[in-house]
Each structure stands twice: as structure tokens, then as C-alpha cells.
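The values are calculated or read from the model by the stated rules, or taken from the named source; none is laboratory data. In this text, all values refer to a predicted model and were calculated from it rather than measured experimentally. Positions of Cβ are generated from backbone atoms using ideal geometry, with glycine treated the same way; all protein chains shown enter the neighbour counts. Only protein heavy atoms, including side chains, enter the accessible area calculation; ligands, DNA and RNA are left aside. Shrake-Rupley method; radii C 1.70, N 1.55, O 1.52, S 1.80 Å.
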Amino acid sequence: MPDTLMPSPAREYDAIIIGAGFSGLYQLHALRDRLGLKVRVLEAAEGIGGTWYWNRYPGARCDSESHSYCYTFSDELLSEWQWSERYPEHPEIRRYLNFVADRLDLKRDIQLSTRVQGASFDAASSRWTIRTEGGEVFSAQFLITAIGCLSSANVPKIPGLEEFRGDWYHTGEWPHEGVDFTGKRVGQIGTGSTGIQAAPVIASQAGHLTVFQRTPNYSVPAQNGPLSEEFKEELKRSYDEIKRIMRSNTNGHPFTIQDRSVFDLTPEQRTEVYEKAWQKGGLQFRANFRDILTSVEANDTAAEFIKGKIRSIVKDPATADKLANIDHPYAAKRPPIDSFYFETFNRENVSLEDIRADPIDRITPDGIRLRSGKEIKLDIIVFATGFDAMTGPFLRMDIRGRDGLTLAEAWEAGPRTYLGLGVPGFPNLFTVTGPGSPSVLCNMPVAIEQHVDWITAAIAKMRADGIATIEATEEATADWVAEGNRAAEATLLPQASSSWYLGANVPGKPRVFMPYAGGMAHYRGICDEVAAKGYKGFDLAPAMASAK
């Protein structure tokens, strides 16, 4: 047999990490530099950054405030890096992650341009075999997915796309060289967080922008701007307190939810609170009252305030009505923040198509035709249609556990995990911010650090005690799925039927509320208790007993 056809010998490691974003970088540092393990990170992209390597669309920036959207495990990193804006744009986030990787000397153990095709667990050796699309083979005791919740682009299957004579792009796979919209007729499909960020920037460049809106959305102004030197100095003095707040509250942000009900105030007082929050901007708008996400009546007060703002900003009443015709509670879907999104519809070169009333029929060679027969001529189509969130990045790999069980089979009716960290039937597989954890309902770096620290401590315990495998039990997983459903139903979150939290943006995907809605601080306590009780809910098997 020619050498070119010989299978590659497996390269052996203690742990293989998939993904080189926030999760993968910290997990590499924790396992390599704290535990002394031999670790390799496999990353499909040509550079580090995770979701921020791919998301370079116009207006792409973080919706967590910059001083909280960073690692907190190192005082040195905190003191050496300074953000420039309240909400950092994508290039600055990539610069930050490269700064961290260089400062911690991580890049020597990161293999870029390496997409994992699949992985299989061998019970006899208690090891994972990982295969890449390039034909490389790796072997490791531990397989850790740090693949992110929003990394599998969702391009809707609209008839005729292949016939379109213009150019089309998905915001999650944006060309690194950018796109020139000058003088172009642009159609943007999607008005979630991404579309709300992209539309104002595209409109400022395009000859004409048509926004195709199926689901109107709330949005609060970001009130973004440069960070003052005074603010930066105050951060240095108060960061210990900021870290305490982020690690002890519901959503990992640097603010607490006010312990008061909407109905503790008069309508006039509530309006004053909402107005001040609107002027301040950002996600803290939803933290003014404790019952906004648990009471429909309380939520209605915030929803009506924002709808009123939309109608006051957008000059054309018909357009304003379309934008304010929102069918779900405020913050039941990911709550966007924006820079002049609603103001964009006052531009003469911007129009809005309500595709809930008149759906897209097909894409034609020259544009988009609606069911009514109306055709909008376009040069460029932008799909701001989000991701196959949380499960998509997992299921595009062929991951096989005990007895050849595929993850796709295990999750056929929706994702089932224990704590969002482990999956029954898949020993030594750890899922950083996986389904069933707070993840996307939080400021992600806080959730990531908690998971990485927990995983690292579990692996350290296993090595100290001679444990070969750790595996979530079916009973604990069933109980956790029930707890996840209970936590979600205690809120208004499941009432947004079109939410990607439920997988509703992907046709055929099971409708399951995927993140854990019980709050980050509460979840942290549960994970700590599981570890303190000898990793209750996980089967720990010594080397001789692991091949069961």
C-alpha cells in the first residue's frame, strides 16, 4: 500500500481541546500550566478567537460591557490590558484574545486550520480517538469541547438561492476582507441581535437597504462610547468588588438586579426609572426590577415603554407599527442593544418588509420575491439569521461514545446533559458551556471560567485518586433535564416561541429550552455541591473497572 494511504499514527495527549476561543484558551492554560498535562488545542480557523474569528460583520461588537467581557482569573491580565470602548468591536476582542494567548504562551499548543471530523471512545483503553478532516489522528484520556454556543451558521433553505446572480453572505462567516456595499441594493434577512447591529452600518454605505423582518424585536440603546481615563482608574480600584458581583449574581454581569417589584412604584415612578435606564443604555435595563422575567404584568410595563420609544423614534407610523408589533415578552429572547437601529428606518435609503405578513416565496436571479408576487431587486443578500445554537457545533462532528452511540442519537429528542458538563454514555467528555448550563443567558466569560475551573478540579481529583473515567449517570441527567425545565417554566423565557433558545430558528430541530435559566450564582452552588459530594451524579471508575 502506498505510504500516502497509510493511516496516520495517533498522537497521544492527556487532553484534546476543540476550539481556541475564550473557553479553549483558558482550558489549555488551566490543564497545561496548573496540572502539568500534555494538551493540544485543535482549531478549525486560521487564527484564534472562536466566534470572534468568524463574526466580522458590519457593526459586530460585544453586548457585555468590556470591563466584564474578559478573564478575571489573573490580576496581571486585568492590569495589563485596557479596553477602549464600553462595548468592544470585534477587532479589539480578537486583539485581546491574542494578547492573552501571547502573554500565557498558549499558541505553541494550538493547532490551527484543523477541523475535527469526529471522535470515538474506546472503553478498553478509556481513551478518546479524535480524527481531523485532514486525516490526522489524536488519542487522549479527556476530550473537551470548547466550541462555543454560537458557531454553527444557520443559512435558511430558501428556494432559488443558487440562482441568485448577486453576492450573498452570512454574518457568522463574514469575509475577512469585508464587503463593499457602496451604491448596492442590499437585502438583509433577520432582525435578531446580529441584524440589529448590522443594519445601521450597512445602511450608511449601501445605495438602498431592505430589511426583511419576520419577528419584530425589542432593543435598548447601547449608548456606546470611549472609556474615560477616570473610568479606567476607578476600575483598577474596584475590580475586586466587580468580580464579586459578577460571580454572585444571576447573569454574570457587573450589576445586580434591583430587589424591588415593578408594582412597588407608581406608574410615573416606573416611567422615570425606565427613562433613566434607557439613557444609560445596555443590558442593565432589564435589571431595574426583579419580576420583569417572572411576571407577565410586570414585563408588560417594560415592553410597552420600549414600544413607545420605537413609535417616538421612527417617523413613519406604518413602519413604526411593524417594528413595534412584537409578539413575545421583553427579554424572553436574547435582548439586543443597539446603536441607532430604529433611527435607521428614518433614512430615505432604508425600507422594511414584513415577511410575517407577506413571507418570502423564493430568491430569484435578481432578488427576493414575496408570496404576494412583489419582487425586491437586490445586488447583495445578507443573512443575519443566527446559528444552529448550542447543539449545532456538536452535531456537525461525528462524536461516538460507549458501544458506538452517537451524540446525534443521544440527543435525537433534544440535548440531554448533566449540569451542561457531561453526557451519559460519553465518558471523559466535558462540554464547556454546553446545553443545560447557564451559558448564553450570562456574560459568557464568567460562565466559561466557572466551567473550566470545575473541569480542571475534576480532572485533578481523578488523577490524584487513580480514576480512569468520569461519566454522567442517566438518573442524574434525567433529574437535571427536569430541573432545567422547571427553571425555564418559572420564567417567561419559553413564551418566545421563535427563540433560538428553543431551537426555533432551525427547521426540524427539537423544541427544547436549552440553557439553564436558574441563574448563574445558583448554578455555581449546585456544581460546587456536586463536587463536594464526590461528584455525585457521575460514575467514577478506576482504571481496571472503566471498561465496563
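Quick rundown of the values:
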read-out	value
Using alpha-carbon coordinates, inclination of helix 229-248 to the longest axis of the chain, degrees	60
Surface share of carbon and sulfur [accessible, 1.4 angstrom probe, percent] for the chain	49
Bins of 5 Å from zero: percent of alpha-carbon pairs in segment 158-289	2, 7, 11, 14, 14, 13, 12, 10, 8, 5, 2, 0
Extension reserve of the GLN117-GLN269 stretch, reckoned as 0.36 nm per residue once the Cα distance is removed	49.1 nm
The chain, relative contact order [Cα under 8 Å, separation at least 6], %	19
Farthest toward positive dipole pole in the chain [+1 Lys/Arg, -1 Asp/Glu at C-beta], among GLY484, SER312, SER74	GLY484
Cα-centre dipole for segment 1-115 with unit charges at Cβ (Lys and Arg positive, Asp and Glu negative), debye to 20	260
Computed over segment 352-412, the ratio Rg/Rh where both radii use C-alpha atoms and Rh is Kirkwood	1.27
Two-decimal log10 I(q)/I(0) for segment 139-208, as the Debye equation yields it once each C-alpha is a single scatterer, q = 0.12, 0.28 Å⁻¹	-0.45, -1.50
Estimated inter-spin distance, HIS522 and THR256, nm [label 7 Å along Cα→Cβ]	1.7
Cα long-axis angle, helix 444-465 against the chain (0 to 90 degrees, to the nearest 10)	10
Over segment 89-229, equivalent-ellipsoid semi-axes from the Cα gyration tensor in Å	37, 23, 16
Average Cα contact separation per residue, segment 34-164, under 8 Å, 6 or more apart, as relative contact order %	27
Stretchable slack from THR473 to GLN205, in nm (0.36 nm times residue separation minus alpha-carbon distance)	91.1 nm
Inter-site label distance for LYS280 and SER79 at 7 Å from Cα along Cβ, in nm	3.0
Low-density loop cleavage sites - GluC sites (Glu not before Pro) in segment 293-357, where at most 13 other Cβ are within 10 Å (DSSP)	GLU348
Taking N as its residue count, the alpha carbon Rg of the chain over 2.2 N^0.38 Å	0.98
For segment 238-397, alpha-carbon Rg over 2.2 N^0.38 Å	1.31
Per residue value of the accessible surface for segment 273-316 (all protein chains in place, 1.4 Å probe), Å²	44
Estimated FRET transfer efficiency (LEU35, GLU229; beta-carbon r; R0 35 Å; 0.05)	0.35
Cα-based helix-to-principal-axis angle, 90-103 vs the chain, degrees rounded to 10	20
Check: the chain dipole with +1 on Lys, Arg Cβ and -1 on Asp, Glu Cβ, in debye	320
Spin-label pair LYS533/ASP366, simplified geometry with 7 Å Cα→Cβ offset, distance in nm	6.7
